[in-house]
Amino acid sequence: MKTHTKTLIFIFSLLIVLFNSCASIPKNTKAVANFDVNKYLGTWYEIARFDFRFEKDLDNVSAQYSLNEKGDVKVLNSGYNFRKNEWKKAEGLAKFRGEKDIAALKVSFFGPFYSGYNVVSMDDDYKYALVAGKNLNYLWILSRTKEIPEAVKTKFLNTATEIGYDTSKLVWVKHDRTDSPFIPKN
């Protein structure tokens, strides 16, 4: 095979991977409309999640969102690694994938590599949020407090199940510490 043909096949394959990675929301859902990013800013506590390697062995997990000078969302995720007995943090950046009143964002913690961050259900007061990742491997339930009412939990679990998530895989996050160096003290 000629070098030119190999190069074209490589470029075509790379484009397929890149465009496929742009599918940043599960098929059976839509991001919340009439979204106000300013109301979403601040501290959120992770109530439940699908576990993956970047959050493995973390409890007391929180996320803090603020705007940078360009209007993108600065992200500070933190949690306590109960195996290593230490606080961990990850800083990232989230950008809207389209209109800023649709809660469909992409987030990156690793330079140019972005993944879906989609608020798919939320109460009117911005106290509780169900966040879907790019596919059915990523799911979070967030709250402004360290607990969530049973009715909200049930609603979010039903919504996630309707989308296609296996909610039996959720890790329910323990919040028993008050010494996070990353959460602002009131």
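The values are calculated or read from the model by the stated rules, or taken from the named source; none is laboratory data. Quantities reported herein were computed from a predicted structural model and do not represent experimental measurements. Counting neighbours? That spans all protein chains shown, and the Cβs are built from the backbone with ideal geometry, glycine included. Heads up: the accessible areas ignore ligands, DNA and RNA and are worked out on the full protein's heavy atoms, side chains in. Shrake-Rupley method; radii C 1.70, N 1.55, O 1.52, S 1.80 Å.
The set of residues from region 25-41 being of a type in the set (Gly, Ala, Ser) and within 11 Å of LYS100 (Cα to Cα) comprises just one member, ALA33. Consider GLU99 carefully, then state whether it is outside any loop (DSSP other than H, G, I, E, B), farther than 24 Å from ASP57 by Cβ and either in contact with an Asp or Glu (Cβ under 8 Å, 6 or more places away or on another chain) or open to solvent by 70 Å² or more (accessible area, probe 1.4 Å) (or both). Answer is no for this residue. Here's a check for you: in region 106-116, which residue that is touching a residue at least 60 places away in the same chain (Cβ under 8 Å) and open to solvent by less than 40 Å² (accessible area, probe 1.4 Å) is nearest to GLY164 (Cα to Cα)? Once the filter is applied, the top-ranked residue is GLY116. Within region 124-158, being in contact (Cβ under 8 Å) with a residue 40 or more places away in the chain and hydroxyl-bearing (Ser, Thr, Tyr) holds for TYR126, TYR138, SER143, THR145. Filtered by the rule that a residue be more than 13 Å from the chain's Cα centre (by Cα) and basic (Lys, Arg), region 116-173 gives LYS127, ARG144, LYS146, LYS153, LYS155, LYS169. Of all residues in region 158-170, those satisfying the criterion of being buried (at least 16 other Cβ atoms within 10 Å of the Cβ) and more than 13 Å from ARG49 (Cβ to Cβ) are THR159, ILE163.
Candidates are the residues of region 132-157 that are open to solvent by less than 50 Å² (accessible area, probe 1.4 Å) and among the aliphatic types (A, V, I, L, M); the one that is nearest to VAL120 (Cα to Cα) is ALA132.
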